[in-house]
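What follows is one structure encoded as structure tokens, with my remarks underneath.
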Amino acid sequence: MNSAAITEPAAQIRSTDRLRVENGIARHAQSFIALRRDIHQHPELSFQEHRTSALVARVLAEWGYEVFTGIAGTGVVGRLKKGQGGRTLGLRADMDALPIQEATGLPYASQNAGVMHACGHDGHTAILLAAARFLAEQGNFDGTLHLIFQPAEELGAGAKKMISEGLFERFPCDAIYGLHNWPGVRAGHLGCVEGPAMASIDYAKVTITGQGGHGAEPHQAVDPVLASAHVITALQSVVSRNVDPLEMGVVTVGSIHGGHAANVIPDQVELQLTARSFKPEVRSTLKNRLRELAQAQAESLGAQAHVDFKNGFPPVINHPQETQFARDVAMDALGEDFVDLHFRPRTASEDFAYLLQARPGSFLFLGNGESASLHNPRYDFNDAVLAPAAAYWVHLVERFLAP
């Protein structure tokens, strides 16, 4: 499909179609809330989503989808073709959970110790399944729909692995769409961002080596704890002094480990940090300055710093035409009051970035209301947004693959 074609004005969704979709989704909404909570009770870490992928594959097959399993280990793709149209569309949901001990106290809280759906992937999966059932039973479209249930988003590896195993060769997509719930955004509201929507993420481990000694005689030692403190402070200057003030960069030291006793100067301290940005040139600046500053600060205090830098995944860059299409459908299907026209990019990261490097598309944001933040042990997906989000997917499919 020519991507330019989707920007052409399409007939507005008729009120009868809107009611058809809303009523059809609402009819089974409680069963999908129950399914979401079942997935929440049985969370699985990245590439271990065996129960979840089996559930997804089973219900898709029951609804008449051609089901493909074992992609990137636990990935599932459901194919549904209607009519003779040659256009294709992909929708993606992620399935994995996080290594977090749940603290919600909910009756459907995780039964797997130390594992929790703290990012709402249980909700994303349930939303897409709710849309999948309606589209199989009542969908009005002409073309081929591919529903992609992806493993290991939290590792930043699932999308890349699915692509490397021939995802888009086996399941062509003229465009690809996905969404992520977002706490603090009004429940059920949709945010569309053209261009950079989420940041890249890179990782660094900084090992600072000095010379251990007695805490009473610091002059006989080279203190890596002191050096690490100077390194951490210096790293905060990278964004404020090396990055254009009109660009975005974030450097966060999230872990520091060194020593075991109050009166002993250790030999080494290890720092672990992340760097995030929207643009390649900023990403390069962060990488270079992190290394230079860590080494220079350590050496100024007689220590040595070794920086092990690991590239994470790239920024999520939404394609303009596909994003405008998604926004138009949202305005029509949900109404202007439920679409945030000024939604700002997020500095968190998402491996949907790889899918958008391979195919045109857009990654959308769904308001979760006032809830605990993502990756928080008290977070829970807002079930009230499941039905309207599923209805939105239906409208997007029917408009994109319009007969």
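Rundown of residues vs (1) in a loop (DSSP other than H, G, I, E, B); (2) under 20 Å from residue 29 (Cα atoms); (3) at pLDDT below 95, yes/no style:
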{"residue": "78", "(1), (2), (3)": "no, no, no"}
{"residue": "96", "(1), (2), (3)": "yes, no, no"}
{"residue": "114", "(1), (2), (3)": "yes, no, no"}
{"residue": "119", "(1), (2), (3)": "yes, no, no"}
{"residue": "129", "(1), (2), (3)": "no, yes, no"}
{"residue": "144", "(1), (2), (3)": "no, no, no"}
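Which one is farthest from residue 70 (Cα to Cα), of the residues in the stretch 145-160 that are of a type in the set (D, E, K, R) and in contact with a strand residue (DSSP E or B) (Cβ under 8 Å, 6 or more places away or on another chain)? First the steps, then the outcome.
Residues of the stretch 145-160 that are of a type in the set (D, E, K, R), as a first pass: 153-154, 160.
After this cut, where a residue has to be in contact with a strand residue (DSSP E or B) (Cβ under 8 Å, 6 or more places away or on another chain) as well, the list is 153-154.
Working: 153: 16, 154: 19 Å.
So the residue we want is 154.
Could we say that residue 349 is of a type in the set (Gly, Ala, Ser), out of contact with any helix residue (DSSP H, G or I) (no Cβ under 6 Å at 6 or more places or on another chain) and either surrounded by fewer than 17 Cβ atoms within 10 Å (Cβ to Cβ) or closer than 16 Å to residue 123 by Cα (or both) here? Spell out how you get there, then give the answer.
Values: of a type in the set (Gly, Ala, Ser): yes; out of contact with any helix residue (DSSP H, G or I) (no Cβ under 6 Å at 6 or more places or on another chain): yes; either surrounded by fewer than 17 Cβ atoms within 10 Å (Cβ to Cβ) or closer than 16 Å to residue 123 by Cα (or both): no.
So residue 349 fails the test.
State whether one or more residues within the stretch 228-236 are over 19 Å from residue 304 (Cβ atoms), of a type outside the set (Phe, Trp, Tyr), open to solvent by 40 Å² or more (accessible area, probe 1.4 Å) and in contact (Cβ under 8 Å) with a residue 24 or more places away in the chain. Break it down into steps so the answer makes sense when it comes.
First pass over the stretch 228-236, keeping only residues over 19 Å from residue 304 (Cβ atoms): 236.
Okay, now just the ones that are also of a type outside the set (Phe, Trp, Tyr), so 236.
Those still in the list that are open to solvent by 40 Å² or more (accessible area, probe 1.4 Å) too: 236.
Within this subset, residues satisfying the condition of being in contact (Cβ under 8 Å) with a residue 24 or more places away in the chain are none.
No, the stretch 228-236 has no match at all.
Can you find, within the stretch 161-206, the residue that is farthest from the chain's Cα centre (by Cα) among those that are part of a loop (DSSP other than H, G, I, E, B) and on the phi > 0 side of the Ramachandran plot?
Checking each candidate, the answer is 166.
Could you tell me which residue of the stretch 284-306 is nearest to residue 363 (Cα to Cα), considering only residues that are in contact with an Asp or Glu (Cβ under 9 Å, 6 or more places away or on another chain) and surrounded by fewer than 20 Cβ atoms within 10 Å (Cβ to Cβ)?
287
Taking the options 125, 69, name whichever one is open to solvent by 50 Å² or more (accessible area, probe 1.4 Å), of a type in the set (Ser, Thr, Tyr) and either outside any helix (DSSP H, G or I) or under 23 Å from residue 31 (Cβ atoms) (or both).
Exactly one residue qualifies, and that residue is 69.
Read through the list (1) more than 19 Å from residue 141 (Cβ to Cβ); (2) open to solvent by 40 Å² or more (accessible area, probe 1.4 Å); (3) not basic (Lys, Arg), then give the number of the only condition that residue 314 fails.
Condition (2) is where residue 314 drops out.
Is the stretch 173-195 home to any residue that is open to solvent by 10 Å² or more (accessible area, probe 1.4 Å), within 26 Å of residue 63 (Cα to Cα) and of a type outside the set (A, V, I, L, M, F, W, C)?
yes
Take the stretch 149-163 and flag every residue that is surrounded by fewer than 24 Cβ atoms within 10 Å (Cβ to Cβ) and farther than 15 Å from residue 353 by Cβ. Show your work before the answer.
Filtering the stretch 149-163 for residues surrounded by fewer than 24 Cβ atoms within 10 Å (Cβ to Cβ) gives 154-157, 160-161, 163.
Hits for the stretch 149-163: nothing passes.
Condition test on residue 85, is it open to solvent by 20 Å² or more (accessible area, probe 1.4 Å), in a loop (DSSP other than H, G, I, E, B) and not β-branched (Val, Ile, Thr)?
Working: open to solvent by 20 Å² or more (accessible area, probe 1.4 Å): no; in a loop (DSSP other than H, G, I, E, B): yes; not β-branched (Val, Ile, Thr): yes.
In short, no.
Could you tell me whether residue 47 is open to solvent by 30 Å² or more (accessible area, probe 1.4 Å), in contact (Cβ under 8 Å) with a residue 40 or more places away in the chain, hydrophobic (A, V, I, L, M, F, W, C) and assigned to a loop (DSSP other than H, G, I, E, B)? Working first, answer last.
On the way: open to solvent by 30 Å² or more (accessible area, probe 1.4 Å): yes; in contact (Cβ under 8 Å) with a residue 40 or more places away in the chain: yes; hydrophobic (A, V, I, L, M, F, W, C): yes; assigned to a loop (DSSP other than H, G, I, E, B): yes.
Answer is yes for this residue.
Scan the stretch 353-388 for residues that are of a type in the set (Gly, Ala, Ser), in a helix (DSSP H, G or I) and open to solvent by less than 10 Å² (accessible area, probe 1.4 Å) and report the count. It would help to see each step written out before you state the result.
Taking the stretch 353-388 as the starting set, the residues that turn out to be of a type in the set (Gly, Ala, Ser) are 353, 358, 361-362, 367, 369, 371-373, 384, 387.
Okay, now just the ones that are also in a helix (DSSP H, G or I), so 353, 358, 384, 387.
Pick out the ones that are also open to solvent by less than 10 Å² (accessible area, probe 1.4 Å) and you get 353.
Of the residues in that region, 1 qualify.
Would you check if there is a residue in the stretch 267-282 being touching a Lys or Arg at 6+ places or on another chain (Cβ under 6 Å), open to solvent by less than 40 Å² (accessible area, probe 1.4 Å) and in contact (Cβ under 8 Å) with a residue 40 or more places away in the chain?
Step one: of the stretch 267-282, the residues touching a Lys or Arg at 6+ places or on another chain (Cβ under 6 Å) are 272, 277.
Subset that is open to solvent by less than 40 Å² (accessible area, probe 1.4 Å): 277.
Retained after the next criterion (residues that are in contact (Cβ under 8 Å) with a residue 40 or more places away in the chain): 277.
Checking the stretch 267-282: at least one residue is touching a Lys or Arg at 6+ places or on another chain (Cβ under 6 Å), open to solvent by less than 40 Å² (accessible area, probe 1.4 Å) and in contact (Cβ under 8 Å) with a residue 40 or more places away in the chain.
Is it the case that residue 36 is assigned to a helix (DSSP H, G or I), open to solvent by 60 Å² or more (accessible area, probe 1.4 Å) and closer than 24 Å to residue 120 by Cα? Steps first, please.
On the way: assigned to a helix (DSSP H, G or I): yes; open to solvent by 60 Å² or more (accessible area, probe 1.4 Å): no; closer than 24 Å to residue 120 by Cα: yes.
Considered against the rule, which asks whether it is assigned to a helix (DSSP H, G or I), open to solvent by 60 Å² or more (accessible area, probe 1.4 Å) and closer than 24 Å to residue 120 by Cα, residue 36 comes out as no.
Name the helices (runs of 4 or more DSSP H) wholly inside the stretch 217-324 in which the number of residues that are among the polar types (S, T, N, Q), at pLDDT 95 or above and on the phi > 0 side of the Ramachandran plot is 2 or more.
On the way: elements: 224-235, 237-242, 280-300.
No helices (runs of 4 or more DSSP H) qualify here.
Among the residues of the stretch 327-342 satisfying the criterion of being among the small types (Gly, Ala, Ser) and part of a helix (DSSP H, G or I), which is surrounded by the most Cβ atoms within 10 Å (Cβ to Cβ)?
The selected residue is 333.
The values are calculated or read from the model by the stated rules, or taken from the named source; none is laboratory data. Values in this document were obtained by computation on a predicted structure and should not be read as measured data. We place every Cβ from the backbone using ideal geometry, glycine too, and count neighbours over all the protein chains shown. These accessible areas exclude ligands, DNA and RNA; they are computed on the full protein's heavy atoms, side chains included. Shrake-Rupley method; radii C 1.70, N 1.55, O 1.52, S 1.80 Å.
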